[in-house]
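S.K.: My questions will all concern the structure given below.
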Amino acid sequence: MAKQRIATLPFRSRPGALPGVDVFGLDALGGRAAECGIDLHCPVRAEFHHLIGVRSGSLRITVDGNDHTMRPDTWLWLRPGQVFHIGTGAATGTVCVFQPGFFDRATVSGSPVGPPRPHGPLFPAEGEGRALEQTLCLLQDAYARTGVLPLDAQVEIVRHLLSVLVLRLSHLPPHQQAHCRGNRVFLAFHQAVENSSATSRRVDEYARALGYSPRTLTRAVLTVTGRTAKQYLDDCTLLEAKRLLVHTDLSAADIARRLGFATPSSFAKFFRQRAGCAPTGFRTQARGARTVRRARPTGRGLRPPGAGPPGKASP
């Protein structure tokens, strides 16, 4: 049967879990998704954050078409809305999952919780790796103290320790990247684009809906991403088009309608100008590359909106 959409993974608390957050072993990740009827070996779009740390072994994860090999002491932060699937490998480690809105404003301002999303795994140096491991141990200990601590106190301790973890990861010297730093105008624009699946093609429509002038919107987006609001909107549209081409069986005409293009030809022109090939050609090439990557990893894939050049390669 033709695949019409990308599977969505909802946040579901297991019995005894704290509200809005969970911490568990990497070996349980696939089983927890299976409880929701989701196979993580197939592309999925999660509604919540995954912060994955590998302790031993190796694991391949594909995020928006980019293949990453995670090795010991590496971390990967998957944001809501990104399309990912688990590849080959066997690894041990820890997964922290949490819903959007779990952190306080100070943590959101100091780390890239929101867009633009950093690209690829993080590779802490030895000293910073030890500090991260110590923080993770404290987090796991606090999470395990259900029934020992009052619930409100336990949730706040876990929130603060997880904040320390993401803040340290966010400021590793080789991986400092631009982020929103509390830019409310940009965050509102990005959320509106994501909520509409980039189906509106006009910046002035978003500006009017959000109560800003197009100039204010463009200035905010330019400050955060280095792209104009129109360029960022086109980036989001192109990424969603690539996701649908690779991970569903929708025709180019169906994708054009879903993304708000007036005609399939206008979508084809938009796609060719930005991707350098026709939508059907991209689908054929990308699906062929996915088959090859099962045997030979590659760092090429779909680039996230506002992303800079690829980061450090896996060691």
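What follows is calculated from the coordinates using simple rules that are stated; it is not laboratory data. This one's a predicted model, so the numbers in the text were calculated from it and none came from an experiment. Methodologically, a virtual Cβ is constructed for each residue, glycine included, from the backbone with ideal geometry; neighbour enumeration extends over all protein chains shown.
S.K.: Quote to one decimal, in nm, the extra length available between Ala131 and Arg55 on full extension: 0.36 nm per residue of separation minus the C-alpha distance between them.
M.R.: Full-extension gain reported as 26.0 nm.
S.K.: Still on this model: What FRET efficiency comes out for Arg12 versus Leu149 if R0 is 25 angstrom and r is the Cβ-Cβ distance? Round to the nearest 0.05.
M.R.: According to the calculation, E is roughly 0.60.
S.K.: Going Cα to Cα from Lys242, which aspartates and glutamates come in below 19 Å? Please leave out same-chain ones fewer than 8 positions away.
M.R.: Asp64, Asp67, Glu194, Asp234, Asp254
S.K.: For Glu205 and Gln285, calculate 0.36 nm times their separation in residues minus their Cα-Cα distance, and state this gained length in nm to one decimal.
M.R.: Length gained, Glu205 through Gln285: 25.4 nm.
S.K.: Enumerate the calculated ³J(HN,Hα) couplings along region 53-62 in order (Karplus 6.51 cos²θ - 1.76 cosθ + 1.60, θ = phi - 60°), each rounded to whole Hz, writing x wherever the residue is Gly or Pro.
M.R.: With coefficients 6.51, -1.76 and 1.60, one gets x, 9, 9, 8, x, 8, 8, 9, 10, 9 Hz.
S.K.: Whole percent per 5 Å bin, from 0 to the bin with the longest distance: what is P(r) over all C-alpha pairs of region 40-115?
M.R.: Percent of pairs per bin, in order: 3, 15, 24, 25, 17, 11, 4, 1.
S.K.: Work out, in µm²/s and without decimals, the Stokes-Einstein translational diffusion coefficient of region 184-293 at 20 °C, 1.002 mPa s, Rh from Kirkwood over C-alpha pairs.
M.R.: Translational D for this selection: 146 µm²/s.
S.K.: How much length, in nm to one decimal, is gained on full extension between Asp249 and Gln191, taken as 0.36 nm per residue of separation minus their Cα-Cα distance?
M.R.: 18.2 nm
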